[in-house]
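Laboratory data are not the source of any read-out in this text; all were calculated from the coordinates shown. Quick caveat, the model's predicted, so the values are computed rather than measured. Here the Cβ is made from the backbone with ideal geometry for all residues, glycine too, and neighbour counts use every protein chain on show.
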Ligand code: SF4
Ligand code: SF4
């Protein structure tokens, strides 16, 4: 399976370039006349400037219409409290961040209760796929390639697995990760308890403990701990869970009805979910397009020095891609990459 690629070259008209990319990659071939087409994107947490730029999405919407489809923008609510935690706040955030070029339909509803429990394979046996995603006829998965503290990197597979599932599905995936507090490093400062939205860590005899089954592995407390005492363990489980959830999401579509566009630009330390996504980790690369999540993610990771992510987060960022392939999601671990001249 070929991945097509256009370099981020600001000496050229990037709007024209990306449309050439869509043409050669057949990005909109998945759209049939009258199809309800989900343009799955991330509208960016408020304060984060590094989500996919709206003018690209504007053009994707235009192309879906030209192909005869009825495009709508969509994303799912977060499982933690932020500016996209319910349907209302999510829609307001989408508008503030410039996503007004098509109806924005929150895929899992006002309170994340619109989902279908779908059987899947791999580390999870079932996954809660957002109802609107499950009902769509076709989907254009618009992803932003960047680092991720728990899975090494986030791209198309993460956009499917985490991004297309309800709060229950997101928690199911996150809870495959473990959390340890190193007693020797803990100074009992309470910062973890103060920053946890559920105030879960308990301070006992001057040391933090957290054995709560409600823990979301979010992982705010570990980021805030001043001594590095809190460590998330078994991150590889989340990589596998992303692939497993992605398999479930894709099983709700007819073969050939999902297409992928990934923007390797503003490649930040952390994901678009955070109001502060950290530093830019590498130079802008360009835009990838393919008909496979495995191939489009593998193409990005093979183009960069992905050890940068592995070293930064202590997890093999290729694992989610290999797992997705092993589960039967179509695509190539070493895809042919054709760069537009
Ligand atoms: S923030 Fe870290 S050092 Fe402070 S109480 Fe929690 S675990 Fe201990
Ligand atoms: S990972 Fe930390 S901040 Fe998040 S829910 Fe668990 S205890 Fe709270």
Open item on the list: Please compute the modelled spin-label separation between residue 46 and residue 190, points set 7 Å along Cα→Cβ, answer in nm with one decimal.
Closed with: 2.8 nm
Task: Stretchable slack from residue 283 to residue 9, in nm (0.36 nm times residue separation minus alpha-carbon distance) - done: 97.5 nm
Open item on the list: Please state the shape class of segment 1-108: rounded when a/c is under 1.5, otherwise prolate if a/b exceeds b/c and oblate if not, all from the C-alpha gyration tensor.
Closed with: oblate
Open item on the list: If I model a spin label as a point 7 Å beyond the Cα along the Cα-Cβ vector, how far apart are those points for residue 1 and residue 233 in nm?
Closed with: 3.5 nm
- [ ] Rank the residues 218, 190 as a footprinting-exposure proxy: fewest other Cβ atoms within 10 Å of their Cβ go first.
- [x] 190, 218
- [ ] Whole Å is fine, so just give me how far the alpha carbon centre of segment 173-230 lies from that of segment 106-127.
- [x] 27 Å
Task: At R0 = 25 Å, FRET efficiency that the Cβ-Cβ distance of residue 180 and residue 111 yields, to 0.05 - done: 0.20
TODO: Answer rounded, prolate or oblate for segment 178-233, using the Cα gyration tensor with square roots of eigenvalues a ≥ b ≥ c: rounded when a/c is under 1.5, else prolate when a/b is larger than b/c, else oblate.
DONE: rounded
TODO: Can you tell me the relative contact order of the chain? Whole percent, Cα pairs under 8 Å, sequence separation 6 or more.
DONE: 24 percent
TODO: As a check on your grasp of the helix formula, calculate [θ] at 222 nm for the chain: sum -39500 (n - 2.57) over DSSP H runs of n ≥ 4, divide by the residue count, round to the nearest 500.
DONE: -9000 deg cm²/dmol
- [ ] Please report 99, 153, 104 as a ranked list, fewest other C-beta atoms within 10 angstrom at the top and most at the bottom.
- [x] 104, 99, 153
Open item on the list: Take residue 211 and residue 58, extend 7 Å from each Cα along the Cα→Cβ direction, and tell me the distance between the two endpoints in nm.
Closed with: 5.7 nm
Open item on the list: Let me make sure I get this right: for the chain, a, b and c are the square roots of the gyration tensor eigenvalues over alpha carbons, sorted descending. Under 1.5 in a/c it's rounded, otherwise prolate if a/b > b/c, else oblate. Which is it?
Closed with: prolate
Task: Within the chain, percent of DSSP bridges classed antiparallel, to nearest 5 - done: 55 percent
Task: Relative contact order of segment 178-233, defined on C-alpha pairs under 8 angstrom at six or more residues apart (%) - done: 48 percent
